[in-house]
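*Asks:* Quick one: the structure is below, questions incoming.
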Amino acid sequence: MDNLLEKIVQDNETHAKWLNTLSYMENAGARKISACEHPSEVNLIQLKHAAEEHRHAYYLKKQILKITSSICENYRNKELLASIATRQYLHNLDIKTCKYLREVFHLNKEELKYAAYLFVTYAIEVRADELYPIYQQILTKYSSKVMVKSIILEEEGHLEEMINQLDQFSPDWKFHAEYILQIENNLHEQWIKSISQEVFQENYV
């Protein structure tokens, strides 16, 4: 992971696309959180998460301007790294998680949407707690103008909030979360492999 991020950070165009890719995923996460909302039973934490994920998407997009102003104006495929894998990552995690939770907890439609929000968001926050600090270390190493320290702090808070909500959802949530984390890990590995193939095979400097 470190080698890949070092390669990315050292080329402005690749780095801009990486930031745009992260922005896309934060935005997709925010949209999925909103899509999971109950028509009336929406709590403060869920609204907070959606708002902050949208803000992360905006923040990462703004960071691109520290590198270049000529690309990544939107989320078209050519503006993302490994666009297919990027678009499938969160979508597939959501689908596979819903299938598992439906079989295990026998939930109705609204209950399933909320449970999926809890477990998918938890898995993504665990990943963010690993990914963003590594990325920040590489940014610091190369004295980049780009910074993600503020996102790191907020993602840590999100993870604590998800754990608290999962504690209320089920006493044995950790057992089920391990299964979801394994699904996410497999999807993450596919995503990183796709990005690596694109970055290294195209010989970005």
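*Asks:* Filter the chymotrypsin sites (Phe, Trp or Tyr not before Pro) in the range 111-189 down to the DSSP loop ones having no more than 16 other Cβ atoms within 10 Å, then list what survives.
*Replies:* For chymotrypsin sites (Phe, Trp or Tyr not before Pro) across the range 111-189 that sit outside H, G, I, E and B with at most 16 neighbouring Cβ atoms in 10 Å, the list reads 142.
*Asks:* Quote the FRET efficiency, to the nearest 0.05, computed for residue 84 versus residue 186 with a Förster distance R0 of 22 Å and r equal to the Cβ-Cβ distance.
*Replies:* 0.85
*Asks:* Here is a follow-up. By how many nm would the segment from residue 3 to residue 70 lengthen if fully extended, with 0.36 nm per residue of separation less the alpha-carbon distance?
*Replies:* Using 0.36 nm per residue and subtracting the Cα-Cα distance, I get 21.5 nm.
*Asks:* While we're looking at this one, here's another question. Let's see if you can work this out: charge +1 on each Lys and Arg Cβ, -1 on each Asp and Glu Cβ, no other charges. What is the dipole magnitude of the range 1-147 about its Cα centre, in debye to the nearest 20?
*Replies:* That gives a dipole near 360 debye.
*Asks:* For helix 173-201, what angle does its Cα long axis make with the longest principal axis of the chain, in degrees from 0 to 90 and rounded to 10?
*Replies:* Long axis of 173-201 versus the principal axis of the chain: about 20 degrees.
*Asks:* So if I place +1 on the C-beta of Lys and Arg and -1 on the C-beta of Asp and Glu, and nothing else carries charge, what would the dipole magnitude of the range 27-74 be about its Cα centre? I want it in debye, nearest 20.
*Replies:* The calculated dipole for the range 27-74 is roughly 240 debye.
*Asks:* What do you get for trypsin sites (Lys or Arg not before Pro) in the range 128-205 restricted to DSSP loop and a cutoff of at most 10 other Cβ within 10 Å of the site's Cβ?
*Replies:* 145
*Asks:* Below 8 Å, C-alpha to C-alpha, sequence gap of six or more: please give me the relative contact order for the chain in percent.
*Replies:* Relative contact order of the chain: 29 percent.
*Asks:* I need the fraction of alpha carbon pairs in the chain separated by more than 32 Å, rounded to a whole percent.
*Replies:* Distances greater than 32 Å cover 17 percent of the Cα pairs.
*Asks:* Tilt of helix 44-63 relative to the longest C-alpha principal axis of the chain, in degrees (0 to 90, nearest 10)?
*Replies:* The two axes meet at around 10 degrees.
*Asks:* Right, next: Of the trypsin sites (Lys or Arg not before Pro) in the range 1-79, which ones lie in a loop per DSSP and count no more than 15 other C-beta atoms within 10 Å?
*Replies:* Here the trypsin sites (Lys or Arg not before Pro) that fit, given the DSSP loop and packing criteria, are 76.
Laboratory data are not the source of any read-out in this text; all were calculated from the coordinates shown. Since the model is a prediction, treat every value here as computed from it, not as a measurement. Every residue, glycine as well, gets a Cβ built from its backbone with ideal geometry; the counts of neighbours run over all protein chains shown.
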